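Reading through the structure tokens given below for one structure.
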Amino acid sequence: MKDRTHALLLTFTLLSLMIFAHTGSASTVTANVLVYCPFSVKLHPAPLYPQSGNITVNYSIKSTSDCDANGLTGSAKFYNPSDPSNMIVINISTSSTPNSVIRQLSFNSLLLEPGIETGNIRLSNQTFLMQSNYTATFEIEKPASLSVTSLSVPSIYEGSPLYFYINVLNSGGYSAQNITASWSVKGPLNYSAQQPLLPLSGNTSYENVSLEHTDMSSHPGTYTLSLYLTYNSIGIRKKTQYYNVTYTISQHSGSAVPLPIPIITKAQPYFKVVSAPTYVLTTSNSTVSQIAIMNPNNSTESLNFEIPNSDNFARLSFRNASIGGKSSLIEQLYVNASELNGSAVIPLNISASIDNQSSTQQYFIMYTKEAKSPTHPSVSMQLSLLNGTQSAYGTVQITAPPNLSINNTYVETSIPARIVGQLSHINATGLPSTLSEQNGSVNILWYVPYVRNGSSVSAYFSIINPQDIQDIPYLNSQIFQRTLPAQSILKLISISSPVAHPNTTIPINVKVLYTGTATQNVLFQLQFPLNVTVVGSSQEITASPDELLNVNFYEQIGSYNGTMINMLQASTNGSVIQQSVPVVVLAQPPVTTTVPNVGHAAVIFTQQNAYRTVYIIGTLIIIAAILSSAQLSLRRRAQIRHNEELGRMRERFKRR
């Protein structure tokens, strides 16, 4: 009975082995019985890629035992977490996995939204039913992308400085270099020109950039300007679309040259003051103003000009003159202010006579002199009344010092509100401006983008039906420079630090993108707790435009346990970024292998593989039990035979 049982068990075991051998080769059985061939896969993306077409991401496959796994298959996926449905999938199939082989994946970066991207790779070994996956992050930035958000040309009078004003936006993350503005103008006079612009950092803008072409303002008429920009970004020359605007150069009425400042006049029966200065603000020691007189009658009149008690402070080009019927003439007023500090009032008497009839008018001119600085810009202003008091015309002139150009400058002209009457009665031209009313004054804020050293630019304003002329002496213009908020040219890409243990040294890696337009130094500083030491806690690096800066700090951990906080700061020319850097300190090293902070890897054993392993072990146990039972049975049979032989020998002795 026992022999039958042993035979059945042995038969079952042999059949099981045959069935298992049919489902898998003998080599497979041997590999699973020993150890499978484990492996790991890892992505190695660069921290930053430009969104300019195909990019390459490296990955590696590493066997973690002394073996060579064959037939790895799987895929790599790349996506932006803000839009995970827009995913790039690349299928992967390898024939072998030599240790630490670096391979490449390529895809079109334009298919992903710019920003922080996620990459995941997953490979499996069908022979040993094992898997490994790894996840990493990287960033895709747009190259420089310029656009003109505003293009304007203020309407001016002939002979005045002609400026074009543009706002330029760089919506890309990289800087734009070698920017050139090119434009053509069609109208009474056709021409084209170019002007280089300063480089523009990523995600910043220019406001009110001035493009000057003063030679072309002497031809009145309507013009059409067409402008575009060319620039370099990541080694590629780019060009914007065309931008168009129409503007007008007006012809002066009356005098061919814009009058510095006109003023008060009261219509008289025999002559009319077309324009006369009423307010002068200057930094010069001498000025010349013009007074325009018109005779509305048909007969010739005799005019007389007089400045009472001038003491040679002011003088006229002539004192007596004749003016024909329906004619006009210009009188010039010369003022010597070399000894003037502050303000003075210049009275002017004008009398006319015809056919033994005469009439006299008196005008007052407020003259103010301000000190001139050799290192600061200056502003001068004149205001004149036109055609009696039907309108007023003002000129504001901004002059740069001899050895210094000015930019981003503002000039504020304050006019008593009683003179203006209504805000809609005032019009400002020549420079970009905004109008506001507060504290009993109408303020014109002029923006002056750029003035070359020793040069001047002018702005103009007019008032319809000015009121309360006696308040004109309270006019004022002041110049100041507004500080614009600095655009950050530093961008934090990544910070990485491993898990630490007491009394060890760990690296802290920092990657920062510098998007400035010129080479300059960037200072990196790491502030740390009192009970640790950092090697290289302050480092200064010379950065070039669009350079990715890589900085390593080495932190020596003492007898610390828990989470400690470091503070990172990077700074250059007013741009500062700060970021906390937490470090986890464990009292004992973890059992598992340290996982890099930029991703995670894992090896997975499938359930089917576990079943096969258990089946093999169970079969071996059964075989061992059968062999042990068979050996015991043979021993018992030998003992029985031995006992039977002894019995027979005793029977023989008894018979004898």
Relative packing of 117-124, 48-55, 364-371, which averages over residues the other C-beta atoms within 10 Å, highest first: 117-124, 364-371, 48-55
Separation in nanometres of the label points that stand 7 Å from Cα toward Cβ, at S95 and I236: 3.6 nm
Cα→Cβ-extended label distance, 7 Å offset, between M649 and L404, nm: 13.1 nm
Cβ-based net charge around F107, under 15 Å, with every Lys or Arg adding one and every Asp or Glu removing one: 0
Built amide H within the under 5 Å cut-off of E437, gap 5+: N443
Two-site FRET efficiency, S462 against M294, from Cβ-Cβ distance with R₀ of 22 Å, rounded to 0.05: 0.70
Under-5 Å amide H pairs with S145, H placed in peptide plane, nonlocal only: S171, G172
With every protein chain in place, the stretch 273-403: carbon and sulfur % of accessible area (1.4 Å): 42 percent
In nm, spacing of pseudo-spin labels at V584 and S328 (7 Å Cα→C-beta vector): 8.6 nm
Debye log10 I(q)/I(0) at q = 0.14, 0.20 Å⁻¹ for the stretch 275-419, Cα point scatterers: -0.77, -1.26
For the stretch 190-196, Karplus couplings with θ = phi - 60° (6.51, -1.76, 1.60), whole Hz, Gly/Pro x: 9, 6, 9, 7, 9, 8, x
Amide H partners (placed H, <5 Å) of E117, local residues excluded: F138, E139, I140
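The values are calculated or read from the model by the stated rules, or taken from the named source; none is laboratory data. As the structure is a prediction and not an experimental result, all values here were calculated from the model. Here Cβ is always computed from backbone atoms with ideal geometry, including for glycine, and neighbour counts include all displayed protein chains. For the accessible areas, the whole protein counts, side chains as well, though only heavy atoms, and no ligand, DNA or RNA atoms are used. Shrake-Rupley method; radii C 1.70, N 1.55, O 1.52, S 1.80 Å.
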